[in-house]
Amino acid sequence: MARILIADDDELIAELASELLIDAGYACGWVTSAEAAWTCIQRKRPDLLLLDQSMPGESGLTLLRRLRQSADFYDLPVMMFTAMNGEQDHLQAIYAGANDFVSKPFEPHSLVARVRRIFKLRGDRPRHVDLKSALVPDPLRTAVPAEAVRRIL
């Protein structure tokens, strides 16, 4: 069961989204600040973060940038919630590294469909690949050309 964390300072929105996603079969919880979200993510990595773009204190965009710069959380899927409907706000979220965005208020079926889409796009990829192992090739593991494999078989 996929785990989803919602970070939104609007408790009604967070509770509604959480209930919708639980009914859709996901394990879901919510917090009301970016600081609390960061703490939760460090304790137990969720499979998806639904993040409010503008919260008091640290904004959702600032947290998203911190996640994308982190070796541990650079690949965490993030969907931004935004109460603003301007194209500029959506582009800002995507530019900062969001995988998708949802405007508030949202349609319940649309939210569930977008969450399913993110998980479908991830497919069978592992939940997390260590950044060092993704960028630095393992000297002990050498690639065998496909032609050599066919000759051996």
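The values are calculated or read from the model by the stated rules, or taken from the named source; none is laboratory data. Bear in mind the structure is a predicted one, so any value in this text is a computation, not a measurement. Glycine gets a Cβ as well: all are built from the backbone with ideal geometry, and neighbour counts include every protein chain shown.
Odds and ends about this structure:
- Residues located in the range 1-25, provided they are closer than 19 Å to A98 by Cβ and in contact (Cβ under 8 Å) with a residue 24 or more places away in the chain: A2, R3, I4, L5, I6, A7, D8, D9, D10, I13, A17, L21
- Wholly enclosed strands (runs of 3 or more DSSP E) of the range 47-145 bearing at least 3 residues at pLDDT below 95 and loosely packed, with under 15 Cβ neighbours inside 10 Å: none
- Filtered by the rule that a residue be part of a strand (DSSP E or B) and either crowded, with 20+ Cβ neighbours inside 10 Å or in contact with a Ser or Thr (Cβ under 7 Å, 6 or more places away or on another chain) (or both), the range 11-28 gives a lone residue, C28.
- Any hit, the range 106-114, residues being in contact with a strand residue (DSSP E or B) (Cβ under 8 Å, 6 or more places away or on another chain), in contact (Cβ under 8 Å) with a residue 40 or more places away in the chain and basic (K, R): no
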